[in-house]
Structure formats: C-alpha cells, structure tokens
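Rule-based calculations on the coordinates, nothing more; no lab input. Quantities reported herein were computed from a predicted structural model and do not represent experimental measurements. For neighbour counting, all protein chains shown are included, and Cβ atoms are generated from backbone atoms with ideal geometry for every residue, glycine included.
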C-alpha cells in the first residue's frame, strides 16, 4: 500500500512505500522455490503462494519467506518464532537453523550457504524484476551518490521514469508522474529489499534504475541477480578497512562488479591507478575516461576553465570529435562525475547535444560540495569522509577565485575505519588555514577519543590554526566567529545528513541548516542555493 509519507521531504506530494516491495508477488509456493534453488525441504510444505521476502523478522508480512541467515553475532533462526507470528510461511536457512525454523511452524528451505541464495530467492518471489528494467550500477569510494543523483535528474529532464537506490535514500518517479520514496537504511539495501524495490519500480512503470553498489554489497551478495546494463567505477581510496582486511580486498570487491555475471559493459575512470588496473582486468567491455590529458583513455577531458562556482570543459571522444560540457560544482572530481554521467546515458541509448546540455544542468547534488552561502563568507557542505575526498575538496575550494582563507570543520565517524582518522587530520592541516576538529557521528565510540585520533595526525610544525571542539554545533559556531570577508568555511563529513548518531540515538542535525542559520545571525547575508534534500542514510557507503 502507498501512504503519504510522514515528514517526507523532497518533491511536493511525494509518497512513501513501506515496506519496500510490490503490491503483487509472482505466485510461487515454497515447494516451487525449493525446486528452483535446489534446496532441501524440511517440515510440512504449504502450497500457499509466497508474497514477499525479508531477512529482518521485524519486517515480515503475512505470506513472506523469512531468510534466517547465520550472522556475526547471532543466527536469524533465533527469530523464526517472531517471523511465524507475523505470518511468514517459510524460511530460507542453513542446516544449523533448520530445526528451529520448523519448530516455529515454518517450512525450512535448507542450503549450506543460504546468504548466497537470498538474492535468487527474492528475485524468484518477485518475478525477476531486474530483467525487465534498464539498470545502472555505480561503485567507487567517492562519487557514487553524485553520479546516481545526476543520472536521476538528467533522465527526469529527458522525461524518462527513473528510480535511484543509494546513500541519499531510495526514490523513483513513476509512469504517472508521482514521486515515491522508499525507506532504506543502507547504501545498497539487503538483497530481498533490493529485489522488492526493483519489483515495485517495475510495477509503477519505472524504466531505468540507477543504483549505488557498495563493496559491502558485492561481498554480501546484495546485488546478485542483477545483470546491470552498464556499471561504472569512479575511484578508489582508503576506506572501510574495518570490513575489508586490505586495500587489495577492497579493490577486489569493487572489481567483481565488472564481470559477465554482474554487468554487460562498463564505464571506468582511470584517473587513479586502481581504475587503470580495473580497466585492464575487467571481464566485460569497458569505456575508459580521464580528467588527466597525460593519461591514456577512450575519452579525455581537455581545457578545463573555472566558471563561477563551477567549470566548463571539453571532452575528446574516441573518434576525435569534441564536446563542450559544464559542471555546476567546482573541482576535477565533479568534472569526472559529469563525464561519467554522459557516458552512462550514452550506454543506455541517450546521446546527442540535447542530452549533453541536460547533463550539464544536472550537477548540483545535495550535500556534495553544496554551496549554502556566498557573501561575504562562502559556506560549503560536503560529504568528504576519507583522506582522498577531503584533500580534493580542500584543493578545489582553494582554487575557487576570490578565496581568502579556508576554514575546515572535520571529524570522523565512530565504529568505522579508524586507520583513516589521523590521515584526515594531516590532510586538513596541510591544505586549510584553520582546522576545527569536532564530532561527526560518534555512534558507540567516545567522541573525545575520535577527536584525539584525528588530531594525532597533525604535525607540530603545521602552520594551520588548529582547534579541537566538542560538539558539532559548537564547532560550527567557532568557524563562523573566526571567518572574515572572503573566507570559505567547509563543513566536511556529513553532507546532507539530517541526523547525528550519538550512541543509539539519532538526533536531528543538518550541517546546511546550522551553517545558514549561524551565518545569517552574523553580519553575513548568505544566499542559499537549492532546496534541502531528502534525508540520506548515514552508513558511509555500506
């Protein structure tokens, strides 16, 4: 059922789908599904049709398949009773969980590794929706949200019903012109939710889905059973080494998307060595591009010129023809994002001068180098939460004409890759004039300890003015007090998030609102650009 979304922001009249699934399933019984999966059946078999799939017992609806998977802390079979009470008909599980599921009254479909079959099970229950949609998968450390958001905006302007799954949320514009939001909590949702979302989009006449594909998603099989029409690689830098043992493992997870079982073709940025390596190792045809004319690629960016707060540039195509494009956000990462979007659209059949003009207008992405104030102090909010992204953002802002001093407010998320924290402090002190280290989303960690780990990366010989401030609001206040005419304040790390996670509590907090309010309360009269975005999910690419 579609119900008006309470507190939904974004397009006027947006509606929200809860849970993320279609109105109708494919009509498979548990026995039918067991045969398709080659699973052993334990317990009585019902011929009643399965209505949906989920691996969260709290999300079970009557007629569901409950995916009772082994986890890091506990086994999903422990919650089989709760799933049965909510109306589940069957469980997909392993031999360890089978009897507990049967005792709860569920038909158990048993496989040695049920997680790898979860996507296939959900795809069958929902009628394999990915086969009937045009799908675009975007992976990389940075740029995933920008590219998918730009794709969505460009396709909407081209009158194509389009959906987007990613960090900024899941939403689509259906065939009747409605804007629909779906509640999701990860960059790439769990496999049953992904399949349910795609089925709902298909049911509502969506033609194209642009989806962020995280490295976690590839390792945990969330994106299985989707053969993307085209996949994109943006870049790779240190992140998520709390999950991946090494950078090599991280790369391998990303690179696994560029295989015949996951994508038909690829678009790969070769600005870094990881991209160049991926282009050489990909097992599908790829189109390469670069913003560095010294590198070899199929598509090369030339003649980049600053234009207001953005850039104008030329791209040289494989046949030698040249096209002029614009990015509404400064910096080479956003030039790269713009080229990626152009090539992805061409790969699915949208090409020509009109399309390129549309792409040039699609570049303002909430929370990504978002300009929230211009005069007399420039205020920018960006999601930069890695060393590489922060370095590029600061270097880009330094190069914007008229910039006096850079004041960087930075932090690091708790319960995430600890190794990057001192590197972020070092980069900020190298490239900013004033560094204010504060709290990001501390989650279960001690905020003071996180701040100290960031500060520890700053050498005592730095010329930057360094402050350590408890409380993000206090840090923003200090940045505004220190700023003078011509200065630029960067709030890095949280982007367009509208909450701050402290312990188990998510408190309302929006960097953009705080910065606008604080600057408006000073001598500044900031000119806000753009509307507030839908609430993104704070999982830093999980």
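For a distance above 19 Å, tell me the whole-number percent of Cα pairs in the stretch 370-520 that qualify.
46
Using a 7 Å offset from the Cα along the Cα-to-Cβ direction at both residue 24 and residue 247, what is the distance between the two label points in nm, to one decimal?
With each label point 7 Å from Cα toward Cβ, the separation is 5.2 nm.
I'm checking a number: the convex hull volume of the Cα atoms of the stretch 129-360, normalised per residue, in Å³. What is it?
118
Using the basic label-point model (7 angstrom from Cα toward the beta carbon), what is the residue 302 to residue 264 distance in nanometres?
3.2
To the nearest 0.05, what FRET efficiency results for residue 38 and residue 292 with a Förster distance of 56 Å applied to their C-beta separation?
Numbers: r = 49 Å, r/R0 = 0.87.
FRET efficiency, residue 38 to residue 292: 0.70.
Please pull out the direction-averaged projected area of the stretch 256-336, using the convex hull of its alpha-carbon atoms, in nm² to one decimal place.
5.7
Take the Cβ-Cβ distance between residue 72 and residue 227 as r, set R0 to 22 Å, and report the resulting FRET efficiency rounded to the nearest 0.05.
0.15
Using R₀ = 56 Å, calculate the FRET efficiency as 1/(1 + (r/R₀)^6) where r is the Cβ-Cβ separation of residue 176 and residue 463; round to 0.05.
So the FRET efficiency works out to roughly 0.45.
Shape verdict for the stretch 333-429, please, from the Cα gyration tensor: rounded (a/c under 1.5), prolate (a/b greater than b/c) or oblate.
oblate
Pop a pseudo-label 7 angstrom from the Cα along the beta-carbon direction at both residue 205 and residue 504 and give the gap in nm to one decimal.
4.5
Under the rule of -39500 (n - 2.57) per DSSP H run of 4 or more residues, summed and divided by the residues of the chain, what mean residue ellipticity at 222 nm is obtained, to the nearest 500 deg cm²/dmol?
-9000 deg cm²/dmol
Please state, as a whole number in µm²/s, the translational diffusion coefficient that the Stokes-Einstein equation yields for the chain at 25 °C and 0.890 mPa s, with Rh defined as the Kirkwood radius across alpha carbon pairs. Please report the intermediate quantities before stating the final value.
Numbers: Rh = 24.1 Å.
It diffuses with D of about 102 µm²/s by this estimate.
Between the stretch 450-528 and the stretch 379-408, what is the C-alpha centre distance in whole Å?
One Cα centre to the other: 13 Å.
Taking N as the number of residues in the stretch 30-125, what is its alpha-carbon radius of gyration divided by 2.2 N^0.38 Å?
So the stretch 30-125 has a normalised radius of gyration of 0.90.
Find the Rg to Rh ratio for the stretch 84-160, where Rh is the Kirkwood radius over alpha-carbon pairs and Rg uses the same atoms.
With Rh from the inverse mean 1/r over Cα pairs, Rg/Rh is 1.20.
Along the Cα-to-Cβ line of residue 82, 7 Å from the Cα, sits a label point; which residues in the stretch 93-123 have backbone N less than 16 Å from it?
Label zone hits: 101, 104.
Please give the length that would be gained between residue 444 and residue 159 if that part of the chain were fully extended, namely 0.36 nm times their separation in residues minus their C-alpha to C-alpha distance (nm, one decimal). Walk me through the numbers before you get to the answer.
Numbers: separation 285, 0.36 × 285 = 102.60 nm, distance 4.44 nm.
Extending this stretch completely gives an extra 98.2 nm.
To the nearest µm²/s, what D does Stokes-Einstein give for the stretch 169-295 at 25 °C and 0.890 mPa s, using the Kirkwood radius over alpha carbon pairs as Rh?
Rounded to a whole number, D works out at 155 µm²/s.
So, how do all the Cα-to-Cα distances of the stretch 271-399 break down into 5 Å bins, in percent, from 0 on up?
With 5 Å bins starting at 0, P(r) equals 2, 10, 19, 22, 20, 15, 8, 3, 1, 0, 0.
Using alpha-carbon pairs under 8 Å, 6+ residues apart, how would you state the relative contact order of the chain in percent?
Over the chain, the number comes to 12 percent.
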